[in-house]
Each structure stands twice: as structure tokens, then as C-alpha cells.
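A.B. asks: Quick one: the structure is below, and I'll ask about it shortly.
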């Protein structure tokens, strides 16, 4: 059995955040640092019984470079890889294969997670999801809208034909039909709203947007909720639809305030608006020199894990009585500004991040 303390000279590698494997000439694992154990979701004890060929389903390219390193064809070689593992998520990594001057342990491989690739993959999934959402919403809304008018009209006509002696008790039923038809009509109108109204473009100051949303939240939650403002006042104005952006930020902030109900009761609820500029960023596969970086952060219980990956789906809500449309509409409005919405959530901190290109 090969253990870490067999190679005391490598113990310092446990301090690295990147994953490191040291291999023998046959590709057997001699040493794996703590980051490698975490990345590969396996202990040193288990890794010591495996070869490089056993670790990944598609490791042929990496194995070929390993053999080149054993033959000292280079000092080190770098490449980006997507490594598949049985029953687990793929690893997007930047690998560095280094040839060592030691015949007993000739190769060291370092893996660094390719954060940019992970981000691009996540954005691509969100864009595909958003396109599917839009198509679903439009089709569903039109399919519901057409018969709704007929149902409501039939209920109104039926009410006019009710006998006078039974009008009071029977009218209660027709009113239920009419009111529910109106409620569904309102829902359909909200579903179609982003696609129905024109995109009104003007100069937008993001801090005016945030202050408008802040005033609305304070009016609804005057006690127990503290709203912090952390603004970068150097952010330039940009062309956009101010009302759409107000609605987007309001939908996110209002959801946060409702999730903070218990903390509001205790008096320690906190909502933060933070604005920054990021440089050289890729949004939806397009590179931009500058982008607005708006964070809406709360100290609530976090998004339930079972819906965390579906929060932008229509009709998915984390609370009783929620319509499940607020985040869907926010995402649609931000995408119409060529931007994206990201979310990181854990108990005590939920952070919605809006990124929009700047001129």
C-alpha cells in the first residue's frame, strides 16, 4: 500500500489548490494531493490502486502526453481537457504534464478546473433553457387565451338566463367561473408581456433603477428589513429599456424580501444592492470590453436545493402562492439587453448577479 508519507518531499503539494498526481513509469498513481482527492472524489488509498488509464473514460489524449513525458520529449505540456468519469460529472480542466528527473516517479500532472469553460457551459444551458421557455410560454399562453374568452362569455350569457327565483344562489357559481377566467387571463397576459410590448430604448442609469426598486421594497416592508447600497458611481449610462430593468430588479428583490419573512420578524433581515464594472467578459458567447455587474444579495434561508437548478423555469416557485413567473420574466428582460442572470445560493446568502454589456 502506497501512502502519502512515503514521499515526504511531496507533502507540501497538499497546500496547493490545484490537483496534483505523481505517476510511475507505468502510469500508476504514487501520490495525490488533497485537491486531487477532492477533484477526483476518491481517497489516496483508492487512487494508489489505479493507473492513469483507469481514472477517465476518455483519457487517451492525456495518456499519450504521459508517454511523451516518460520519454522526455518535453519539459512540460499544457492543454485544456474535458475528462469523462463513470457516473459522475465531466471535468473541465487545464492540465499541465511535467517530466521529472526521477526514473521512479517520472511524471507529475497538475489539473486546474477551467472555470471559464464551466461558466460558458452553464450560460449555454441557460440560453437553451430560456429559448425553450419562451417557445413554451408563447404556445401555452395562446392555447389558453382562445378558449378563455369563450368560457367567460358563456358564463355571462348563462347568468343572464338564470331564473329570477334562483338568481342569488346560482349567480355565485357563474361569478366563480368569470372570476377564475379573469385570473387566468391575467396570468396569460403576464406570460405574454415580454413578447407583446415594444422594447423602449433610452439612456439608463442603473442606480436610478436600483433606487426606484429600493423605494418600492421599503414601502412594502417598512420594518425589520435593512437595505444596503454599495454603488460604483462611475458606472456609465447605457442604452436600454428602463421599465424592463426596473421590473427585472424588482422581481428579484421582491422574491428576496418575501424569503426574508422570518428574519424580518426578528429584525435582522438584510438586502444589498451592489454595482460594479467587470472588464473583458464573455456573455452568451460574445466578448465585451465592459459590463455592468449588479448583485442583489439577501441573508435569507437560501433557495431550496430541489428547485435551485430550475428557478428560471416558468411556473416554478419556492413559496406557497407564488406564480413562478417573476424570475422567468426577469431573465427574459435581461436577455433582451444582451445580458445574463446568474445565481449562487446557500443558507444565509443568496446572490443574484445581473451582467449587462456597457458601451
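A.B. asks: Only one residue in 13, 3 is surrounded by fewer than 18 Cβ atoms within 10 Å (Cβ to Cβ) and modelled with pLDDT under 85. Which one?
C.D. replies: The conditions single out 3.
A.B. asks: Among the candidates 243, 237, 208, which residue alone is assigned by TED's automatic domain parsing to the domain that holds residue 352 and modelled with pLDDT under 90?
C.D. replies: 243
A.B. asks: What pairs come out if I take residues in segment 220-246 that are in a loop (DSSP other than H, G, I, E, B) and pair them with residues that are crowded, with 18+ Cβ neighbours inside 10 Å and modelled with pLDDT under 90 whose C-beta lies under 9 Å away, six or more apart or interchain?
C.D. replies: If the second residue must be crowded, with 18+ Cβ neighbours inside 10 Å and modelled with pLDDT under 90, the pairs left are 241/333.
A.B. asks: Go through segment 274-291 and count every residue that is part of a loop (DSSP other than H, G, I, E, B) and touching a strand residue (DSSP E or B) at 6+ places or on another chain (Cβ under 7 Å).
C.D. replies: 1
A.B. asks: When residue 329 is evaluated against the numbered criteria (1) part of a helix (DSSP H, G or I); (2) modelled with pLDDT of 90 or more, which criterion, by number, is the only one it fails?
C.D. replies: Single failed check for residue 329: (2).
A.B. asks: Among 306, 344, which is the only one that is assigned to a strand (DSSP E or B) and either more than 30 Å from residue 236 (Cβ to Cβ) or at pLDDT 85 or above (or both)?
C.D. replies: When all the criteria are applied, what remains is 344.
A.B. asks: Looking at 268, 293, 298 in this structure, which one is farther than 30 Å from residue 185 by Cα, touching a helix residue (DSSP H, G or I) at 6+ places or on another chain (Cβ under 6 Å), modelled with pLDDT of 85 or more and in the same structural domain as residue 213 (by TED's automatic domain parsing)? Explain how you work it out, then say what you get.
C.D. replies: On the way: 268 fails: touching a helix residue (DSSP H, G or I) at 6+ places or on another chain (Cβ under 6 Å); 293 fails: touching a helix residue (DSSP H, G or I) at 6+ places or on another chain (Cβ under 6 Å).
Unique residue meeting the criteria: 298.
A.B. asks: Scan segment 25-41 for residues that are surrounded by fewer than 18 Cβ atoms within 10 Å (Cβ to Cβ) and assigned to a loop (DSSP other than H, G, I, E, B) and jot them down.
C.D. replies: 25, 26, 41
The values are calculated or read from the model by the stated rules, or taken from the named source; none is laboratory data. Please read these numbers as outputs of a predicted model, since none were measured by experiment. Neighbour counts run over all protein chains shown; Cβ positions are idealised from the backbone, glycine included.
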